[in-house]
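The values are calculated or read from the model by the stated rules, or taken from the named source; none is laboratory data. Just so we're clear, the structure is a prediction, and the values are computed from it rather than from any experiment. Here the Cβ positions follow ideal geometry from the backbone for every residue, glycine too, while neighbour counts run over all protein chains shown.
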Amino acid sequence: MQALVLTAPHQFEVTDVTKPGPVRENEVLCRVKAIAICGTDAEIIEGTFQGRWPKAYPFIPGHEWSGEVLEAGKVACEFGFAPGTRVAGTSHSGCGYCRMCRTGRYNLCLNYGREELGHRQYGHYTQGAYAEYVIQTIKSVFRIPDGMPYDVAALCDTASIALHSVKRPGIEPGDVFVAVGSGGMGLLTAICAKTLGAARVIVVGGGKRLDRAQALGFETVDYHDGDAVATVRERTGGLGADVAVDSAGTKDSVRQSIQMVRKGGRVAFTGIPKEPATIDFQKIVLEEIDLYGVRANRSTMEEVIPLIADGRIPAAKLITHHFKLSQFGEALRTFNERVDGALKVIVEP
């Protein structure tokens, strides 16, 4: 099959590799129809997490994908994943036996990285989906409706993480919500917050991506125009927002997210910071600010798929570009350089 193979940091090629197999009892072999480029993909390709993601080269990345089941093990068939089933994938497959998995927090599996005990994280340290075919366990694939286009279905994983990012701090009816970051994840957290009852949604970011945020009906703050924290506080009567979710993952966005919320506010962090951030713990303590880390998602794929299917999460509006797998270099450049306001870039094997 054709696959995108990383051979070293920022060294890759689309080449012929052996089709994966055999299929175990709880696994499915799928033909990949669409993959969405994720910010984590770009970091893995750069080698930011080398030694962890991936553990070694050569490696096939990719985890936001959709496709069709071609072969299924006996257990997979019994759980409804027979050949012909349309599915969307996610990255985490917990061992199923540790305390975290048994309490539903399989994204924090205590046997992370131990494939011999059943753990997988596809596209991170387990071979991923930038390929014509992929094998995954049925713990990490989810059925999608017949009417959902494959490119939209490839966004289910991103949207599920956005939903988890909003559910962690919680949304109460009437809340003022701030999405810090105007990329695909930031806009999806904004959409999810609105869906769950936020009365006002403000997106903080920059460039053409804010045009998309405005088209979706959100208030916007361009951090290039001055102090974004002061602007958010001014628009909220000096109080600040009830909830903020940081998807940017920079030392500035971490600090700003905390400063943007009011007394008793809640802040979630879904972007992975790559450098230490300075946090005002005096504000945290004296104003009882709640902070929430977000690790991918848990149990939100089956919640988000119906919301996308009925239009309450208009994921299709975030897709800006399509490329063939053979054009991956151009697809990655488009994503990294935000060409024409690129948000979600779809790769089709």
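Annotations for the structure displayed:
- Counting only strands (runs of 3 or more DSSP E) that sit wholly inside region 144-250, those with at least 3 residues that are closer than 20 Å to Y292 by Cβ and assigned by TED's automatic domain parsing to the domain that holds I289 are 176-180, 200-205, 241-246.
- Here region 297-318 is the region considered, the condition is being in a helix (DSSP H, G or I) and of a type in the set (V, I, T), and the residue that is surrounded by the most Cβ atoms within 10 Å (Cβ to Cβ) is V304.
- Checking each residue in region 2-20 for being closer than 21 Å to A88 by Cα and modelled with pLDDT under 95 picks out no residue at all.
- In the set (1) assigned to a loop (DSSP other than H, G, I, E, B); (2) farther than 13 Å from I135 by Cβ; (3) of a type in the set (D, E), the condition left unmet by E25 is number (2).
- Out of P20, P9, sole residue that is closer than 30 Å to V339 by Cα and not assigned by TED's automatic domain parsing to the domain that holds G249: P9
- Matching residues, region 99-143, being within 23 Å of E78 (Cα to Cα) and either assigned to a loop (DSSP other than H, G, I, E, B) or in contact with a helix residue (DSSP H, G or I) (Cβ under 6 Å, 6 or more places away or on another chain) (or both): G104, G118, H119, I138, K139, S140, F142
- Pair list, Cβ < 9 Å and 6+ apart or interchain, from region 6-34 residues that are within 21 Å of K324 (Cβ to Cβ) to residues that are assigned to a strand (DSSP E or B) and at pLDDT below 95: none
- Filtered by the rule that a residue be farther than 15 Å from G183 by Cα and in contact (Cβ under 8 Å) with a residue 40 or more places away in the chain, region 245-265 gives Q256, S257, M260, V261.
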